[in-house]
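Here is the structure we will look at, set down as structure tokens.
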Amino acid sequence: MLNFNFQNTTEIVFGKGVEEQVGKKVSEYGKKVLLHYGGTSLKKFGLYDKIVKNLTDEGIEIFELGGVLPNPRLSLVREGIKICKDNNIDFILAVGGGSAIDSAKAIGAGVEYDGDVWDFFEGKAVVTKTLPLGVILTIPAAGSEASSGSVITNEDGWYKKSFGGNIVRPKFAIMNPEVTYTLPSYQTAAGAVDIMSHVLERYFTNEKHVELTDRLSEAVLKTVILNTPKALDFPEDYNSRAEIMISSTIAHNNLLDMGRQSDWASHGIEHELSGIYDITHGAGLAIIFPAWMKYVYKTNIDKFVQYANRVWNVDMNFNDPEAMVLEGIKRTEEFFTSIDMPTRLSQADIDGDKFEEMAAKATENGTLGSFVKLTKEDIVNIYKLAE
């Protein structure tokens, strides 16, 4: 087990009706808030009116910036920074999923920086100060509600990059599973894959003697596998929605990183897909992760045997460890298919025209991953496996 530091100060406010607390929570930090969100669904289902009333009842002045897209754009981040600076805003409230939260994190960091916010994503600057941020989570998927990172797409070249630091973690995350009842099935399923992928990026490590975090990771994976079909079949099943929502947070709040080295190659490979083709991140991961598994499993076959047995109940009596591994990967793909996620690029209408370009962009700062260090050629081969 590796040495580690763990810090997560995000307050989780979880349960039925907890969004009614938003005004009081925000008032602890400021009186001018940027309300940052995505599309019309926030207003369609009544959550917007509830939030506005709670904020105004506490005497909080509201400035709005909607329009966050999946794979959030740098141009909107810059617009948010300008609004905050022009109006001396002292708090940001993100309502939505990972896209709104990531966009809000970037806005908060950019407000307190004299240069261009994209500097953080290119590694030219480190965040040392940011506007405080709160979250009302409506899409459990990215885990951004308690994570230290933000991922943004720059329309100039369609680069999708990340930055992070403990300082950008939200001050609080208000999480009511009831607000996810109206999520389209596709978003529920893509969110489940995103959650699982965050766990898998940590699970596949070459570090030994990490039994506790192995078992915690397996528990999150099995919880999502069990409850996602229930949520899809019965959208207003509170218990399955609650299990998925808290799994989203645990998958990406760094608890599962303790004592181990994470990989993140599959995310880097997928970011090029969603950066160029604007595919939903979870759907892209459903395509890339099985292909990555097939490409790297021989590096540490024992880890993949453990995954197949503990997560997918593949019988240890298989005579051939490699057959066990391939069965585990097959069951992973079958689960993604069962929740209507793509597992091939062709299913997302993506051909091989840009494999070389995407692989070059993914590796322009060096190899990807730690479980296996992947070169440009390796990444092209993974894209080909995913065709």
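Residues of region 13-33 being more than 22 Å from THR182 (Cβ to Cβ) and either part of a helix (DSSP H, G or I) or touching a strand residue (DSSP E or B) at 6+ places or on another chain (Cβ under 7 Å) (or both), which ones?
Hits for region 13-33 are GLY23, LYS24, LYS25, VAL26, SER27, TYR29, GLY30, LYS31, LYS32, VAL33.
When only residues in region 130-140 that are in contact with a helix residue (DSSP H, G or I) (Cβ under 7 Å, 6 or more places away or on another chain) and not in a strand (DSSP E or B) count, which is surrounded by the most Cβ atoms within 10 Å (Cβ to Cβ)?
PRO140
Taking PRO170 as meeting all but one of (1) under 20 Å from ALA362 (Cα atoms); (2) part of a loop (DSSP other than H, G, I, E, B); (3) in contact (Cβ under 8 Å) with a residue 40 or more places away in the chain, write down the number of the exception.
(1)
Rundown of residues vs (1) buried (at least 20 other Cβ atoms within 10 Å of the Cβ); (2) in the same structural domain as ILE339 (by TED's automatic domain parsing); (3) over 18 Å from HIS198 (Cβ atoms); (4) without any contact (Cβ under 8 Å) to a residue 60 or more places away in the chain, yes/no style:
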residue: VAL220; (1), (2), (3), (4): yes, yes, no, yes
residue: LEU232; (1), (2), (3), (4): no, yes, yes, no
residue: TYR238; (1), (2), (3), (4): no, yes, yes, no
residue: MET245; (1), (2), (3), (4): yes, yes, no, no
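Can you spot a residue in region 339-355 that is β-branched (Val, Ile, Thr) and assigned to a helix (DSSP H, G or I)?
No, there is no match, as no residue in region 339-355 is β-branched (Val, Ile, Thr) and assigned to a helix (DSSP H, G or I).
In region 330-346, what count of residues is obtained for those that are over 20 Å from PRO229 (Cβ atoms) and either outside the structural domain of GLY275 (by TED's automatic domain parsing) or within 23 Å of the chain's Cα centre (by Cα) (or both)?
Residues in region 330-346 being over 20 Å from PRO229 (Cβ atoms) and either outside the structural domain of GLY275 (by TED's automatic domain parsing) or within 23 Å of the chain's Cα centre (by Cα) (or both): 2 in total.
Out of all the residues in region 328-347, which are of a type outside the set (Lys, Arg) and either modelled with pLDDT under 95 or surrounded by fewer than 17 Cβ atoms within 10 Å (Cβ to Cβ) (or both)?
Once the filter is applied, which keeps residues that are of a type outside the set (Lys, Arg) and either modelled with pLDDT under 95 or surrounded by fewer than 17 Cβ atoms within 10 Å (Cβ to Cβ) (or both), region 328-347 yields GLU334, THR337, SER338, ASP340, SER346, GLN347.
Among the residues that make up region 265-284, is at least one of them surrounded by 14 or more Cβ atoms within 10 Å (Cβ to Cβ), within 23 Å of ILE195 (Cβ to Cβ), in contact with a Leu (Cβ under 7 Å, 6 or more places away or on another chain) and of a type in the set (S, T, N, Q)?
yes
Return the residue satisfying two criteria in turn: it lies in region 34-50 and is touching a residue at least 12 places away in the same chain (Cβ under 8 Å) and assigned to a loop (DSSP other than H, G, I, E, B), and of such residues it is farthest from ASP102 (Cα to Cα).
PHE45
Filter region 69-127 for residues that are polar (S, T, N, Q), in contact with a helix residue (DSSP H, G or I) (Cβ under 8 Å, 6 or more places away or on another chain) and in a helix (DSSP H, G or I) and give the result.
Residue satisfying the conditions is SER103 alone.
Considering each of ALA173, ALA141 in turn, give the residue that is of a type in the set (Gly, Ala, Ser), within 17 Å of the chain's Cα centre (by Cα) and within 30 Å of SER338 (Cα to Cα).
ALA141
Among the helices (runs of 4 or more DSSP H) lying completely within region 201-316, list those that include at least 1 residues that are of a type in the set (Asp, Glu).
The qualifying helices (runs of 4 or more DSSP H) are 211-233, 238-251, 265-277, 301-312.
Regarding GLU364, is this residue assigned to a helix (DSSP H, G or I) and not assigned by TED's automatic domain parsing to the domain that holds TRP158?
no
Residue under question is LYS53, and the condition is that it be more than 26 Å from GLY157 (Cβ to Cβ), at pLDDT 95 or above and part of a loop (DSSP other than H, G, I, E, B); does it hold?
no
The values are calculated or read from the model by the stated rules, or taken from the named source; none is laboratory data. Here the structure is a predicted model, which is why all the values come from computation and not from measurement. Quick reminder, even Gly has a Cβ in these numbers, built from the backbone with ideal geometry, and neighbours come from all protein chains shown.
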